[in-house]
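Chemist: Just dropping this structure here.
Quick note: the coordinates plus some simple rules give every number you see, no bench work behind them. On a predicted model such as this, the values are computed, not experimentally measured, just so you know. Neighbour counts are summed over all protein chains in view; Cβ atoms, including those assigned to glycine, are modelled from backbone coordinates with ideal geometry.
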């Protein structure tokens, strides 16, 4: 392990920018996720969270700037960076006609993992995430519910035991019981020295889980730091609304509703 | 409601590429003109009726098959309206009514109205009956077409539906490849047809079909058998009513949802895991084989290729002059690999992200080779079986070396071209989870299909030349020497085209992802032919989006009042 690998942050974005034609989706953001942190990325719809994370994990080529995972540039040395990464994107397709078990098997072989290890871990992950019944019935991923898709996505992200997890809306549509399991898994992962970057709309969830947060809106980082630094005296939601701007419902708006 | 649905349909159509529609309009107009010309040019009255009846059947079949093959943005899906508080049967009829006002259905009506021509000689009453009959036949044909399309849409959930849709695509492509043989034979008989009419047994069959009823009714009324004439019209009314009643039931939004409870494990899930090599290539090969077996849209591609070969065989067999090439239908099946597999990345939707985040030194090579190998493994055996059977049945021993040289050459080259076109010309269709219609797995594939087809044919030329030389210039063993050329041709095509694809994708998996996920390509690194193809295949989609933006801007400007207030 090189010097940079042992001291550099889990994830580091430097001047990261993405334009779609004239539209600037991500506007030169800088962000540092220290090792061992549970980092929450919050922002309104269309703020640039998914675009930023896509560039950070090597899916979407940045217009400018760099993204580093444990000191390795994702775009200059993609293979090196991706070895340490586990990724759960939001709303993307999977090989839809495979069962959960087959997907994990495919994933493990792509990663060059030994067959016995893949089989053991896949069985364990399916059991813990309660996807084993679907596997027994031969349910293919296309037939999964939204919550089940999140869970199998998480299983793939965890399978190769990464050191940095990047999760886009991991709790969306997941039932409360599975959410608790997910929280336990992520907390154990962080306790063991791993780092988690997670995006979410749900302030209370981020407040409950994360030790560091960044608020992002209109493609820019409006605040970043430890949870205490960012939220100050109030709640994270108060701080978020004060930064992003509140849209109040005036007296005369929607008066017809329920009439 | 019908008015709203029609305007919604027209709005959707305005957002579809204009060039394609205009080509369709010109072709349709030419067909209408030749229909009328055929009916007018027929020499005798009885023959005129037969020609009209024959063309009307042609139009009917075309109208029923057309929407399946070319459904696009103009089709309103019943599922769009599931949540609206509308009566489902009324909505179904409203959706049907929205199909009628279109250029294509206008052409169909014009063509069916040719039934008036034979009625001219029989007087004004007969002409009126012919017009009324043509209108009724129009309703019958369009309703039937919509029903067939809807049935196929839901049939994509069943194997039988996939087979039928595959047969239809096979008919279309097979007709393109071998239709000229039949047309050539037909051309020799057109003057004969216009002068003497159809053989009696054919006339008898055609008379039974509903597209012939208008002219039957006019004939009966014109010759004083008013009761019989009205009976034909009544039959048309009843048929139209029956189809409309069916439409009210079948065109309703489907509320069953996608997933029925599984009763058995999917194909290939019990075995196979142990058989495949424990490598990235094994991973991709296993994944690809399962996707081909289990995904109806991929199965449709395979079936279409198979049926194209079968249709080619049938067409050439019945053409008389060209029957000699019928034993080579297996080669057509192998050739069709280049079309069946020319949008592999687009068919997978945004799933290419899996290969990106798991990238290792061998990932791209494994992905390309696994895809090539899977499609060759799936197509080559049936192509070989069909070839062997046809050569044996037609007792065409001369065809053995042609088949033995052609199959490996075509399979190798076509699989290479297909994976290259899949990567460079990726065309994202509807997201895999939202697919319903048979055309949902890709966007506008016109250019890609042309490049794949002609590229394959061009690159198997060495084998073709070797066979010709073997047959013409060498002694008896000559054609067999071409087999070595065919095998080498196939191996080189498989190897080099695959390597070209690997080289292209090595740094561009994220480019493919961006094209699928965001519908744009801002990586302009590729040069030469590949760069041209990448740009051209992307251009159609970019153009459509720009047109949409311009339209939106224009609309926003129109909304601004002259005083400048929004």
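Chemist: If r is the Cβ-Cβ distance from residue A:117 to residue A:211 and R0 is 41 Å, what FRET efficiency results, to the nearest 0.05?
Modeler: Numbers: r = 31 Å, r/R0 = 0.76.
Computed FRET efficiency for residue A:117 and residue A:211 comes out at 0.85.
Chemist: Further question on the same structure: Pairs of Cα atoms under 8 Å, at least six residues apart: use those to get the relative contact order of region A:1-138, whole percent.
Modeler: Working: 175 pairs, mean separation 27.9, N = 138.
Relative contact order of region A:1-138: 20 percent.
Chemist: Can you give the alpha-carbon Rg of region A:92-161 over 2.2 N^0.38 Å, where N counts its residues?
Modeler: Working: Rg = 10.8 Å, N = 70, 2.2 N^0.38 = 11.1 Å.
Here the Cα radius of gyration is 0.98 times the empirical estimate.
Chemist: Counting just the Cα atoms, what span does region A:115-259 cover along each of its three principal axes? Round to the nearest Å and put the largest first.
Modeler: Sorted from largest, the Cα extents of region A:115-259 read 62, 45, 26 Å.
Chemist: How much of the DSSP bridge set in the protein assembly as shown is antiparallel, in percent, rounded to the nearest 5?
Modeler: On the way: 21 of 39 bridges.
That works out to approximately 55 percent antiparallel.
Chemist: If we count other beta carbons within 10 Å of each Cβ, what is the order of A:246, B:534, fewest first?
Modeler: Values: A:246 7, B:534 24.
So the ranking, lowest neighbour count to highest, is A:246, B:534.
Chemist: Rounded to the nearest 500 deg cm²/dmol, what is the calculated helix-only ellipticity per residue at 222 nm for chain A, with -39500 (n - 2.57) per DSSP H run of length n ≥ 4? Don't skip to the answer; put the middle values down first.
Modeler: On the way: 11 runs with 101 residues, N = 259.
Helix contribution divided over all residues of chain A: -11000 deg cm²/dmol.
Chemist: Report the FRET efficiency, 1/(1 + (r/R0)^6), for residue A:20 and residue A:90, where r is their Cβ-Cβ distance and R0 is 22 Å, rounded to 0.05.
Modeler: Working: r = 18 Å, r/R0 = 0.81.
Plugging the Cβ-Cβ distance into 1/(1 + (r/R0)^6) gives 0.80.
Chemist: Please list the radius of gyration and Dmax for the protein assembly as shown, considering alpha-carbon atoms only, with Å as the unit.
Modeler: 31.0, 103
Chemist: Right, something else. Show me the three semi-axes of the equivalent ellipsoid for region B:421-486, from the C-alpha gyration tensor (sqrt of 5 times each eigenvalue), largest first, rounded to whole Å.
Modeler: Numbers: eigenvalues 334, 25, 15 Å².
Result for region B:421-486: semi-axes of 41, 11, 9 Å.
Chemist: Using a 7 Å offset from the Cα along the Cα-to-Cβ direction at both residue B:238 and residue A:252, what is the distance between the two label points in nm, to one decimal?
Modeler: 6.5
Chemist: In square nanometres, what is one fourth of the surface area of the convex hull spanned by the alpha carbons of region B:280-549?
Modeler: Hull-based average projected area comes out at 15.6 nm².
Chemist: Now, a different point. Taking just the C-alpha trace of region B:377-429, give me its Rg and Dmax in Å.
Modeler: When restricted to Cα atoms, region B:377-429 yields Rg and Dmax of 14.7, 45 Å.
Chemist: Return B:367, B:87 ranked ascending by Cβ neighbour count within 10 Å, so the fewest neighbours appear first. Each step should come with its number before you reach the end.
Modeler: Details: B:367 29, B:87 12.
Taking fewest neighbouring Cβ atoms as first place, the list is B:87, B:367.
Chemist: What does a probe at residue B:520 reach in region B:325-369, counting residues whose amide N is under 19 Å from the point 7 Å along Cα→Cβ?
Modeler: The answer is B:350, whose backbone nitrogens lie closer than 19 Å to the label point.
Chemist: So what's region B:291-342 giving for Cα Rg divided by 2.2 N^0.38 Å, two decimals? Walk me through the intermediate numbers first.
Modeler: On the way: Rg = 12.6 Å, N = 52, 2.2 N^0.38 = 9.9 Å.
Taking the Cα Rg and dividing by 2.2 N^0.38 Å, one obtains 1.28.
Chemist: Right, something else. What is the packing order of peptides B:123-131, B:418-426, taking the mean over residues of other C-beta atoms within 10 Å and listing the highest first?
Modeler: On the way: B:123-131: 18.9, B:418-426: 27.3.
The densest-packed peptide leads the list: B:418-426, B:123-131.
Chemist: Along each of the three principal axes of the Cα atoms of region A:197-248, give the extent in whole Å, ordering the values from largest to smallest.
Modeler: For region A:197-248, the Cα extents along the three principal axes come out at 28, 24, 18 Å.
Chemist: I'd like the projected area of chain A, averaged over all directions, using the convex hull of its alpha carbons. Report it in nm² with one decimal.
Modeler: Numbers: hull surface 68.9 nm².
Its Cα hull, projected and averaged over all orientations, spans 17.2 nm².
Chemist: How do B:527, B:360, B:515 rank when sorted from fewest to most other Cβ atoms within 10 Å of their own Cβ?
Modeler: If I rank by nearby Cβ atoms, fewest first, I get B:527, B:360, B:515.
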